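The next block holds one structure in the form of structure tokens; read it before the comments.
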Amino acid sequence: MTPGTLKQLIAARQKGAAVCLVTREDTGSDKILSFEDVQNMEGPLAQAAQQAFSQDQQQSTDLDGTRFFLTPFNPPVRIIIVGAVHISQALLPMLSALSFSTVIIDPRGAFARQERFESANVINDWPDDALSEMTIGHRDAIITLTHDPKLDDPALQTALKSKAFYIGALGSRRTHAKRVERLTAAGFTANNIDRISAPVGLNIGGRSPAEIALSIAADIVQALRSPQQ
């Protein structure tokens, strides 16, 4: 790695930006591609870089008879949960086991206490205010679990305007239909709203908080490991 490339890599890591180191096998020359660069590229190199980003693993590809190695440097995955509820308590240990960082947002101090969510960053604030203080990127997921439109809807509106790789909302299909009506009235299109996984999680028939949490964790991993389109 050249000093110039190393300097670029260090700067990107300090900013929390996702980059990919591309190394040419025959000459050892290298360069840095940002996540945004890759999204605007086409061809084998772009496909390999997308796979590297989504899988968090080095990939290789041949281009005009030359092999290139692509090493991703991603920021940590962050799961932002709106609602200090029982499902959240069951979900946090699973997310911790996956090495994801977690944030709990809930203005209700009786529920959102640090001792109930020891592994998370607990924020006692309204979701739209808390989220406005964050930069939401492609390694972030936002999940609403309160069943309260006053809390869930502002968070979902912020999420739909962001680059979050996963957006989920708890609630039945009937509840989500009403949610869609409210979001449509707020100016969001059907394509926007289709980004929401609702009812949240994979359909495994879960009923208990732990089973629902398992379905959410699995859905997040599936979304994370699917190459970005």
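If you go through segment 183-192 one residue at a time, do you hit one that is closer than 22 Å to Val85 by Cβ and in contact (Cβ under 8 Å) with a residue 40 or more places away in the chain?
Pass one, segment 183-192, residues closer than 22 Å to Val85 by Cβ: 183.
Now drop any that are not in contact (Cβ under 8 Å) with a residue 40 or more places away in the chain, which leaves none.
Scanning segment 183-192 turns up no residue that is closer than 22 Å to Val85 by Cβ and in contact (Cβ under 8 Å) with a residue 40 or more places away in the chain.
Sub-8 Å Cβ pairs linking a first residue in segment 117-133 that is of a type outside the set (A, V, I, L, M, F, W, C) to a second residue that is surrounded by fewer than 13 Cβ atoms within 10 Å (Cβ to Cβ) and part of a loop (DSSP other than H, G, I, E, B), at least 6 apart or interchain, are Asn124/Gly109, ordered by first then second residue. Candidates in segment 47-74 are the residues that are surrounded by 18 or more Cβ atoms within 10 Å (Cβ to Cβ) and aliphatic (A, V, I, L, M); of these, the one that is nearest to the chain's Cα centre (by Cα) is Ala52. For segment 4-32, a residue qualifies if it is under 20 Å from Pro76 (Cβ atoms), modelled with pLDDT under 90 and open to solvent by less than 70 Å² (accessible area, probe 1.4 Å), and the qualifying residues are Leu9, Ala11, Ala12, Gly16, Ala17, Ala18.
For segment 54-77, does any single residue satisfy the condition of being of a type in the set (Phe, Trp, Tyr), closer than 30 Å to Ala155 by Cα and not in a helix (DSSP H, G or I)? Before the answer, list the steps.
Of all residues in segment 54-77, those of a type in the set (Phe, Trp, Tyr) come to 68-69, 73.
When the remaining residues are screened for being closer than 30 Å to Ala155 by Cα, the result is 73.
Checking which are not in a helix (DSSP H, G or I) leaves us with 73.
Within segment 54-77 (the criterion being of a type in the set (Phe, Trp, Tyr), closer than 30 Å to Ala155 by Cα and not in a helix (DSSP H, G or I)), the answer is yes, since at least one residue qualifies.
Per the conditions (1) modelled with pLDDT of 95 or more; (2) open to solvent by 20 Å² or more (accessible area, probe 1.4 Å), the sole criterion not satisfied by Ile193 is (2). Residues of segment 35-44 that are assigned to a helix (DSSP H, G or I), open to solvent by 20 Å² or more (accessible area, probe 1.4 Å) and without any contact (Cβ under 8 Å) to a residue 60 or more places away in the chain: Glu36, Asp37, Pro44.
Please pick out the residue among Thr146, Thr102 that is outside any helix (DSSP H, G or I), among the hydroxyl-bearing types (Ser, Thr, Tyr), over 30 Å from Glu36 (Cβ atoms) and open to solvent by less than 50 Å² (accessible area, probe 1.4 Å). Walk me through how you get there before you give the answer.
Numbers: Thr102 fails: over 30 Å from Glu36 (Cβ atoms).
Every option except Thr146 fails the conditions.
Inside segment 193-229, residues that are without any contact (Cβ under 8 Å) to a residue 12 or more places away in the chain and either under 17 Å from Ile167 (Cα atoms) or β-branched (Val, Ile, Thr) (or both) make up a count of 2.
Answer yes or no as to whether Gly109 is small (Gly, Ala, Ser) and open to solvent by less than 10 Å² (accessible area, probe 1.4 Å). No, not satisfied. Figure legend. Inter-residue proximity from segment 162-181: first residues over 15 Å from Ala213 (Cα atoms), second residues modelled with pLDDT of 95 or more and charged (D, E, K, R), beta-carbon distance below 6 Å, spacing 6+ or different chains. Indicated pairs: Ala164/Asp140.
Restricting to segment 93-117, name every residue that is out of contact with any strand residue (DSSP E or B) (no Cβ under 6 Å at 6 or more places or on another chain) and either within 26 Å of Asp56 (Cβ to Cβ) or polar (S, T, N, Q) (or both). Within segment 93-117, Pro93, Met94, Ser96, Ala97, Leu98, Ser99 qualify. State which residue is most open to solvent (accessible area, probe 1.4 Å) when the search covers only segment 75-93 and only residues that are farther than 15 Å from Ala164 by Cβ and in contact (Cβ under 8 Å) with a residue 40 or more places away in the chain. Filtering segment 75-93 for residues that are farther than 15 Å from Ala164 by Cβ and in contact (Cβ under 8 Å) with a residue 40 or more places away in the chain, the one most open to solvent (accessible area, probe 1.4 Å) comes out as His86.
The values are calculated or read from the model by the stated rules, or taken from the named source; none is laboratory data. These figures come from a predicted structure and were not determined experimentally. Cβ coordinates were reconstructed from backbone atoms using ideal geometry, including for glycine residues, and neighbour counts include every protein chain displayed. Note: areas computed on protein heavy atoms with side chains; ligands, DNA, RNA excluded. Shrake-Rupley method; radii C 1.70, N 1.55, O 1.52, S 1.80 Å.
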